[in-house]
Amino acid sequence: MKTFSELGIDSRILKAIEELGFEKAMPVQEAVLPVLLERDTDIVALAQTGTGKTAAFGLPLIHKINCELFTPEALILCPTRELCIQIAGDLKDFSKYINNFRIVPVYGGANIETQIKQLTKGVNIIVATPGRMLDLMRRGRINLTTIKYVVLDEADEMLDMGFQDEINEILKDTPKEKNTLLFSATMPTQVERIARGYMKNPVEITVGSRNAGSDNVKHYCYLVHAKDRYLALKRIADYYPDIYAIVFCRTRRETQEVADWLIKDGYNADALHGDLSQVQRDNVMSKFRVRNLQMLVATDVAARGLDVNDLTHVINYNLPDETEAYTHRSGRTGRADKHGISIIIANMRERGKIKDIERQIGKSFKMAKIPNGKEVCEKQLFHMIDKMENVEIKDEEIADFMPVIYKKLDHLSKEDVIKRFASVEFNRFLEYYSNAPDLNVSEKAPEKTRRSNTTDGFARLFINLGKMDGLQPPHLIGLVNDVMQIRDIRIGKIEILNTYSFFEVEATYLDTMLAAFKKVKYGERVVALEQSSPRRDSDSSEGRRSGGGYRGGERHSSYRGDRGGDRGGDRRSSYRGDRDRGGDDRRDRRSEGSGDRFKKRSDDGGGFRKRSDDGAKNEAPRNTRESDRNSRTGRPSKKRY
Ligand code: AMP
C-alpha cells in the first residue's frame, strides 16, 4: 500500500493525518484517492463502514477545494446525526492546518438557527442529514449553486431509511456539472437506480466483493433452541472475558428486556433504542465508547450512528428482518484493519435465513458450539491468571503491608497460596457452571419439538378467546401484530368459536409466539395460547386452507394503518422530524412501532395488555438449572471484572 505523500496530497493535510497516525492508505483510500486527486469524476464505491471511507472522499475534497472562497463547494449527505457529527469532526481534523477552512455539520434535533448562523459565516464543506438539509433549502437559508461535489455517504442506509425523496429534491437543486461520489456498504437496486439516474459514467470501485462483509470479520453461528437464546448469549459473554460487543435485537422491547436481564445478571451492559430520549442515547453511547459498558444491546437503527472501531464481537441475538442488515451489523466489527467476530444465535428454523445471509455475504458461517461449563471456567481461569501475571505491582505503595501479608500467609505453601488466589474469583464460575446444560442443538437432528404438529409450514394454535370476548379475525390479527411486533408473520385459517378460537400461524414463529403471549391480557382476560393439533380435512367442509386465510400482504395492508404512526401519508409527516433526530426511521418503527399502540391500549384499560405481574420476564432461563440459579443469584454475582 502506498503512503499518503506518494499519493500527492497537500502537505498541510499530510501533517494533520500524520498526527492522527495514518501511515498508509487503507484499501478504499488507495483505490479512491488517485482517481479523485487526478481528475473530476463521479464515483460509486462499495465499501463497508469502518474501512476508511471518510478519508477516501474527505482528503481529496479538502485538497481540491479553494478555501479562499467562503461558498460551499462540497455537500456530504449522510443518514444520521451521529454520522454527520463524526464526518464533520474527521474533516476538521484533516483540514486543521489549512487556515480558514470551514466545515459545518447540519442535522436534525439541534437548533436550526444556530446552524444557519454557522452557515452564514461562510462554509467550504456542508455535512448534512437529508431532512435538515431540505428544511434549510426550503427556508431559503442555503444556496447550492456553488456546489462542485456531492457525496452520498452510506447511500444504502439513507435509502433504507426512506430518504429517497429528500435526496432527489436536494440533488435537483445542485448544479448539473457537479461530481457525485456515492459510498455504500451494499448495492441494492435502489442504490443502483441512484447511480444510474444521477451519475455520469461513474468509476466503480469495490473494496471486497459486492454486498460482502469485511474480510476481517469471522462469521460464527450457534444453533440453540429458541428458549435458550439468552443463556447462550451469557455463555458467549462469559467465554470471551474481554468482550466488547454490540448485541443486536429486533425490537425495542426485546432490546430493553435483554439489557435488563444482563444488568440484573451482573454484566456491564445497557440498552440503546428509539424509546430513549436523545440525551439518554448520547449518554449510553458515550459510556460504551469509553468502554464503561462491555455490551451494548441495541436495535439496528439506534446503533447506526455509533462509531466504535475496536469491537471484538457483534452478536445477532435475533436475526434482522432483511438479510442486508446483517452486512451492516457485522460491519461494525473488523473496522480500521482490526479483526472481529460476528455471531448469530439461531434456532433450527432459521437455517433458511442463514443460507440467505451466506449467499449475500459470499461467506459461510462456521457452525460453532456453545461452550460447556468446563470450557467457560477454563477460559475464565486463564484470563484471570493472565491478568494476575501482567498486573502492575506498585512496589512502594505495597511495601508497608508486605510484612503483615507474609506473616499471615506464612503457614501456607506456595502451591496453597496460588490455589487460594485463583479460587477467590474462580469459585463463582465453578459453582455457577456446575451441571450447566448443553445448549447446543445438533445441526442434523430433526426438531423434536412441536414441529411435527405443523402442516405446510403452518402451526395451528388454540386461543382462549372467542365470540363472547368480541373477538373477530381482525382483532386476532391485530393482537398478533402487537404482541409479536414483527412484520410479515403469515396467518392462515382463523376459526372463531364461541369461547375459544383456532388459528394457523407460520410455524417458524411458533416458539417465539408461545413465549411472547405468556403474559398478555385481552380486556380483563389473561390470554392462553397453546399449540393445537393440525386441522384435518374432515374438520371443515371447506377442506384444508385453500389459498384463503390472512396471509402476508393482505393482512398487512389491512392492518398497517392500525399500527401507531405507520400509515401512508401520516407516516411521512410524522416521521420527518424524528428521522433526523438521530436514528429512528421508518423501517424500525414498522417493527418496533406497534409497542406504542400496545401501551396505549393498556393505558386505556381496555384491549390487550401485558399482565402487570411482569416480574419474571426471563422465561427462557427459568427452565434450566443454570437459570434457576441465575434467577436467584444472577450470574456469578460480582460485577464484570
Ligand atoms: P471510517 O470508515 O472513515 O469511519 O474510518 C474508520 C476508522 O479508521 C476511523 O477511526 C479513521 O480515523 C481510521 N482510519 C482511516 N484511515 C486510516 C488510515 N489510513 N490509517 C489508520 N487509520 C485510519
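The values are calculated or read from the model by the stated rules, or taken from the named source; none is laboratory data. Keep in mind the model is a prediction, meaning the values are calculated, not measured. Glycine also receives a Cβ, built like all others from the backbone with ideal geometry; neighbour counts cover every protein chain displayed. All accessible areas refer to the heavy atoms of the entire protein, side chains included, with ligands and DNA or RNA removed. Shrake-Rupley method; radii C 1.70, N 1.55, O 1.52, S 1.80 Å.
What the Cα convex hull of region 1-135 gives, in volume per residue, is 111 Å³.
Paramagnetic label reach from E18 (point 7 Å along Cα→Cβ; backbone nitrogen cut-off under 14 Å): within region 75-113, residues 97.
Taking all protein chains as they are arranged and a probe of 1.4 Å, the heavy atoms of K2 leave approximately 100 Å² accessible to solvent. The H on the amide N of H219, modeled in the peptide plane, is under 5 Å from the matching H of S342, K366, each at least 5 residues off or on a different chain. Residue ranking by accessible heavy-atom surface, 1.4 Å probe, largest first, among S434, S342 comes out as S434, S342. Taking the Cα centroid of region 454-484 and of region 130-194, what is the distance between the two, rounded to the nearest whole Å? Their Cα centres are 44 Å away from one another.
Working ranking of peptides 523-530, 322-329 by packing, defined as the average number of other Cβ atoms within 10 Å per residue, highest first, is 322-329, 523-530.
Length, then width, then depth: along the principal axes, the Cα atoms of region 291-383 run 39, 32, 24 Å. Amide H contacts under 5 Å for V123: T71, restricted to partners 5 or more places along the chain or on a different chain, H placed in the peptide plane at 1.01 Å from N.
Here the peptides 115-123, 217-225 are ranked by packing, the mean other Cβ count within 10 Å, and the order with the highest first is 217-225, 115-123. Averaged over residues, the count of other Cβ atoms within 10 Å places the peptides 190-196, 391-397 in the sequence 190-196, 391-397, highest first. Of all lysines in the structure, the ones whose alpha carbon falls short of 29 Å from that of K176, not counting any fewer than 8 places away in one chain, are K53, K64, K92, K117, K121, K148, K200.
The trypsin sites (Lys or Arg not before Pro) of region 336-378 that DSSP puts in a loop, and whose beta carbon has at most 15 other beta carbons within 10 Å, are K338, K369.
Only lysines eight or more places from K369 in sequence, or on another chain, were considered; those with a Cα closer than 22 Å are K218, K227, K234, K353, K355, K379, K444, K448.
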